[in-house]
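Scroll down for the structure; my scribbles are underneath it.
The values are calculated or read from the model by the stated rules, or taken from the named source; none is laboratory data. All values reported here derive from a predicted model rather than from experimental measurement. Cβ placement follows ideal geometry from the backbone for every residue including glycine, while neighbour counts extend to all protein chains displayed.
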Amino acid sequence: MAKVLIIGSGGAGLVSALSAHEAGAEVIVVSKTLPTRSQTSMAQGGMNAVLGDDDSIKAHIADTFASSVGLGDEARIAFMCENAPDAVRWCNTMGLPFSRDASGEIARRRLGGASAARACYAQDYTGLKLLHTLYDQCLKAGIVFKNERFLLNIIVDEESNGALGATFLNIATGEVEEVRADAVIVATGGYAALYGKYSTNAVGSSGDGIAAAMRAGARLADLEFVQFHPTALKNSSILISESARGAGGHLLNGNKERFTNELAPRDVVARAIHDEIASSGAVYLDIRHLGEEFINHELPQERKLAQIYEGIDPVHELIPINPSAHYSMGGIEVDEMCMSSVKGLFAVGECANHKTHGANRLGGNSLLELVVFGRHCGKNVTGYANKNSAPLIENSQLVKDSDFIREVMVFTNEIDFYQKQEILANVFYNNVGLVREDMGLKAVLEEIQQMQKELPLMGPRDKSKICNTNLVEFIEFGNKIELAEIIVTCAISRVESRGAHYRIDAPTRNDQTFGAHTITWREDGVLCTDFIV
């Protein structure tokens with residue numbers, strides 16, 4: 001029986017696990033946290049799918065491609081949209097408690113950039129309820145989970161360039177472990193936590209899988225494209241779902257006036273809010289006119305979040321908001337089978353670049369992507385593993401990573417890496433955020449390169465072995481710095497504005513790079529970048 005290792009237990013990992021298990025593979029899921037704590041739980045708005053005669057798959061494809069600002073691959077977008085109805089029905093069959101309309105059918109709402117109401121939702125907890133449903137199904141299927149294991153590196157056979165498994169730090173024991181497999185799926189999520197307090201993401205969204213894949217030889221694509229969600233709570237960056245605007249919420253400026261189309265694509269709305277805050281001093285989300293009964297039934301989480309984190313009740317008060325880093329469009333470059341440039345190393349979900357979101361993700365397509373491509377990836381990885389059993393050969397990766405952990409524990413801590421992490425988040429938000437320009441980007445790159453040099457002076461203060469979260473957070477910081485250099489390098493290279501990448505010094509389209517993806521890889525330790533159509 002083929003053995004498949006899945007790294008990450010969010011929605012993409014769990015869908016892939018169920019699909020691979022159904023295809024006959026022995027599946028093991030390894031994750032640095034508990035499955036129900038994954039970032040999927042924060043995808044609130046819904047899952048796009050054409051279910052009625054008032055919409056068409058052709059329109060869904062067109063909306064997705066338009067939102068991608070010409071950087072999405074039309075064939076892969078079509079694959080995702082054509083499989084969307086079946087993906088929703090599959091979730092429904094598993095027991096995902098979708099909200100229902102008056103006729104008892106799955107309820108749908110319109111999200112930004114969509115030409116019709118096609119986001120199937122479960123109140124404003126869609127991602128959370130999907131995650132719990134998937135986890136329940138995985139447990140019923142007997143899928144093996146190893147939690148609280150921090151990914152260190154992918155094990156690669158140098159002769160065949162094939163993935164053999166991965167190494168992990170067992171957080172509870174402090175030991176370095178390896179898990180061998182015939183094929184590996186990376187499903188570790190995105191890297192928006194790099195923006196710190198300016199991100200809607202959990203602190204664990206540090207891009208560990210993307211960084212490890214690149215160290216293993218995989219190519220990355222389009223890392224400069226980071227989506228900023230228009231409506232996060234001003235003082236905490238807690239996400240207020242697009243469902244609030246989809247239900248009819250208004251955006252008001254400091255003068256309490258509407259100033260933009262609330263359901264335009266996210267990049268357009270986020271920049272409009274950014275500019276309005278600079279002009280009028282504040283922007284608010286207003287859902288008061290929707291009424292308490294509607295808010296309690298359709299948007300209960302948004303009311304609770306505003307009450308807890310902002311101290312206001314949106315039934316009666318305006319919600320102060322600010323755009324925050326939310327979703328990583330870039331990631332591990334994968335082909336139509338979801339496999340990276342490393343044989344047997346697959347990727348799915350936010351850590352992967354399926355070339356479906358392009359320069360800007362359409363709201364409601366993230367959950368859809370992880371279900372459609374998760375099911376596709378699970379089948380493909382099993383087929384690959386059945387034909388390509390991993391050789392039982394010695395590999396030095398476990399020894400290397402055990403030595404690495406010992407070396408890190410003797411690093412000095414003359415410099416507080418938490419302070420440096422906060423500095424990195426601040427400079428990223430100000431210079432690699434909604435608005436960018438060449439001089440600011442190059443200044444950030446210098447700051448990153450200095451941090452890389454100083455990393456051996458920033459070691460963990462906690463020298464204990466068991467449950468050393470200080471050590472884990474230091475390694476996460478190292479991954480952030482590694483990816484930060486790539487993000488900024490790509491942003492400097494792309495001298496044009498499109499989607500989530502807006503250059504005030506190059507506000508128009510650049511025909512030379514318009515249809516090209518920014519591809520990065522390392523050769524002999526040197527970071528390489530190129531534009532590839």
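Outside any helix (DSSP H, G or I), touching a residue at least 24 places away in the same chain (Cβ under 8 Å), closer than 28 Å to residue 77 by Cα and not polar (S, T, N, Q), is that true of residue 434? Outline the logic, then answer.
Numbers: outside any helix (DSSP H, G or I): yes; touching a residue at least 24 places away in the same chain (Cβ under 8 Å): yes; closer than 28 Å to residue 77 by Cα: yes; not polar (S, T, N, Q): yes.
So residue 434 passes the test.
Taking the conditions exactly as written (in a helix (DSSP H, G or I), surrounded by 20 or more Cβ atoms within 10 Å (Cβ to Cβ) and either in contact (Cβ under 8 Å) with a residue 24 or more places away in the chain or among the acidic types (Asp, Glu) (or both)), does residue 211 satisfy them or not?
Numbers: in a helix (DSSP H, G or I): yes; surrounded by 20 or more Cβ atoms within 10 Å (Cβ to Cβ): yes; either in contact (Cβ under 8 Å) with a residue 24 or more places away in the chain or among the acidic types (Asp, Glu) (or both): yes.
Spelling it out, residue 211 is indeed in a helix (DSSP H, G or I), surrounded by 20 or more Cβ atoms within 10 Å (Cβ to Cβ) and either in contact (Cβ under 8 Å) with a residue 24 or more places away in the chain or among the acidic types (Asp, Glu) (or both).
All conditions but one from (1) part of a loop (DSSP other than H, G, I, E, B); (2) closer than 19 Å to residue 326 by Cβ; (3) touching a Ser or Thr at 6+ places or on another chain (Cβ under 6 Å) apply to residue 206; the one that does not is (3).
Here is a yes/no grid of residues against (1) out of contact with any Phe, Trp or Tyr (no Cβ under 8 Å at 6 or more places or on another chain); (2) within 22 Å of residue 208 (Cα to Cα):
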{"residue": "441", "(1), (2)": "yes, no"}
{"residue": "453", "(1), (2)": "yes, yes"}
{"residue": "475", "(1), (2)": "no, yes"}
{"residue": "484", "(1), (2)": "no, yes"}
{"residue": "490", "(1), (2)": "yes, yes"}
{"residue": "505", "(1), (2)": "yes, no"}
{"residue": "524", "(1), (2)": "yes, yes"}
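So that you can scan it fast, the table gives a plain yes or no per residue for (1) modelled with pLDDT of 95 or more; (2) within 17 Å of residue 18 (Cβ to Cβ); (3) of a type in the set (A, V, I, L, M):
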residue: 130; (1), (2), (3): yes, yes, yes
residue: 144; (1), (2), (3): yes, yes, yes
residue: 160; (1), (2), (3): no, no, no
residue: 167; (1), (2), (3): yes, no, no
residue: 172; (1), (2), (3): yes, no, yes
residue: 189; (1), (2), (3): yes, no, no
residue: 199; (1), (2), (3): yes, no, no
residue: 204; (1), (2), (3): no, no, no
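Of all the residues in region 306-353, those that are in contact with a strand residue (DSSP E or B) (Cβ under 7 Å, 6 or more places away or on another chain) and more than 26 Å from residue 272 (Cβ to Cβ) number 18. Considering only residues that are in a helix (DSSP H, G or I) and touching a strand residue (DSSP E or B) at 6+ places or on another chain (Cβ under 7 Å), look in region 272-304 and name the one that is farthest from residue 430 (Cα to Cα). Filtering region 272-304 for residues that are in a helix (DSSP H, G or I) and touching a strand residue (DSSP E or B) at 6+ places or on another chain (Cβ under 7 Å), the one farthest from residue 430 (Cα to Cα) comes out as 280.
Which residue, of 353, 360, is buried (at least 24 other Cβ atoms within 10 Å of the Cβ) and more than 12 Å from the chain's Cα centre (by Cα)? Break it down stepwise before answering.
On the way: 353 fails: more than 12 Å from the chain's Cα centre (by Cα).
The conditions single out 360.
Assess whether residue 343 counts as being assigned by TED's automatic domain parsing to the domain that holds residue 472, surrounded by fewer than 24 Cβ atoms within 10 Å (Cβ to Cβ), basic (Lys, Arg) and touching a residue at least 24 places away in the same chain (Cβ under 8 Å). For residue 343, the condition - assigned by TED's automatic domain parsing to the domain that holds residue 472, surrounded by fewer than 24 Cβ atoms within 10 Å (Cβ to Cβ), basic (Lys, Arg) and touching a residue at least 24 places away in the same chain (Cβ under 8 Å) - is not met.
Checking each residue in region 489-533 for being surrounded by fewer than 20 Cβ atoms within 10 Å (Cβ to Cβ), at negative phi and of a type in the set (Gly, Ala, Ser) picks out 493, 506, 515, 516.
Confirm whether residue 230 is modelled with pLDDT under 95 and surrounded by 17 or more Cβ atoms within 10 Å (Cβ to Cβ). Before the answer, list the steps.
Working: modelled with pLDDT under 95: no; surrounded by 17 or more Cβ atoms within 10 Å (Cβ to Cβ): yes.
In short, no.
When region 184-193 is limited to residues that are in contact with a Ser or Thr (Cβ under 7 Å, 6 or more places away or on another chain) and not aromatic (Phe, Trp, Tyr), the one that is nearest to residue 386 (Cα to Cα) turns out to be 185. Restricting attention to region 456-474, the residues that are under 26 Å from the mean Cα position of the chain (by Cα) and either outside any loop (DSSP other than H, G, I, E, B) or under 18 Å from residue 195 (Cα atoms) (or both) total 6.
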